[in-house]
Amino acid sequence: MVYIIGAGPGDPELITVKGKSILEKSDIIIYAGSLVNKELLKSAKPGCEIYNSAVMNLGEVISVIEKGVKEGKLVSRLHTGDPSIYGAIREQMDEFVKRGIPFEVIPGVSSFCAAAAALKKEYTLPDVSQTVILTRMEGRTKVPENESIQSLADHNATMIIFLSVHMLEQLVEKLCFKYSQDTPVAVVYKASWPEQKIVEGTLKNICAKVADERIDKTALVIVGKFLGDRYELSKLYDKNFSHGFRKASQNYNW
């Protein structure tokens, strides 16, 4: 059996209980060495074979997994954050299916969730934004034309841009076609790691601020008015709003 495990955003305590339990029992661990916190590997049992996929190609990764499973070993494929987001796991899962390798995916905490926690913000504020867009700039990996930054910016929604901080000036230029220059922006470097950094500003000044901090990789660019202070209170806890678990009460005081 092979488990694809989300390692979480960096803090080794942010892996799920289920993910950690499987990691501790694994006979083989293949981890994404460029991003996964190596502290997690301390959970490996004695004799566990450990491979760094940063120096392996797809064929080599699949070969190690197939051999291990045929030998009756428990294999963990450890990805950063949640593996479903920019994890390149589909091509691995398709190979497992072709080869009859049983597998399971264990979700993890994505870096965009850890970034919100670091910022102490909520992405979906009433009357501000109820939509969160996860995307990236086009680089060596192409982006469909209808998913360009300019197209997505039309919505003025909360936007979280992965894998793009090294192209920040081009990104800001594209965003400014639709967002005003005073739109709040945060750049969160290595969310939840000890070396985490937060740079806050607006579309007008964020490039200079990030350049001063010399951040050019491993960071999220987060854009939206949710970073400001104006919003409406939710209906969820409104004393005048009824729902399936609570009746409205005009007399409730707090």
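Derivation of every value follows stated rules applied to the coordinates shown; laboratory data play no part. Because the structure is a prediction, the values reported are computed rather than measured. A quick note on method: Cβ atoms are made from the backbone with ideal geometry, for glycine too, and the neighbour counts reach across all protein chains shown.
Normalising the average separation of contacting C-alpha pairs (under 8 angstrom, six or more residues apart) by the number of residues puts the relative contact order of the chain at 19 percent. Based on the Cβ-Cβ distance of GLU138 and GLU213, what FRET efficiency does E = 1/(1 + (r/R0)^6) give at R0 = 22 Å, to the nearest 0.05? Rounded to the nearest 0.05, the efficiency is 0.35.
From the coordinates of this entry, Cα Rg over 2.2 N^0.38 Å is computed, and it appears in [x] 1.34; [y] 1.18; [z] 0.92 under the label [y]. Cross-link reach is defined here as a Cα-Cα straight distance under 14 Å, omitting same-chain residues fewer than 8 places apart; for LYS42 the aspartates and glutamates meeting it are ASP11, GLU13, GLU24, ASP27.
Taking the helices alone, the chain has a mean residue ellipticity at 222 nm of -7000 deg cm²/dmol, built from -39,500 (n - 2.57) per DSSP H run of at least 4 residues and averaged over all its residues.
Anything over 27 Å Cα to Cα? Flag those among LYS45/LYS121; LYS25/LYS197; LYS20/LYS67; LYS121/LYS174, in the order listed. Before the final figure, lay out the partial values.
Numbers: LYS45/LYS121 38 Å; LYS25/LYS197 34 Å; LYS20/LYS67 23 Å; LYS121/LYS174 25 Å.
Over 27 Å Cα-Cα: LYS45/LYS121; LYS25/LYS197.
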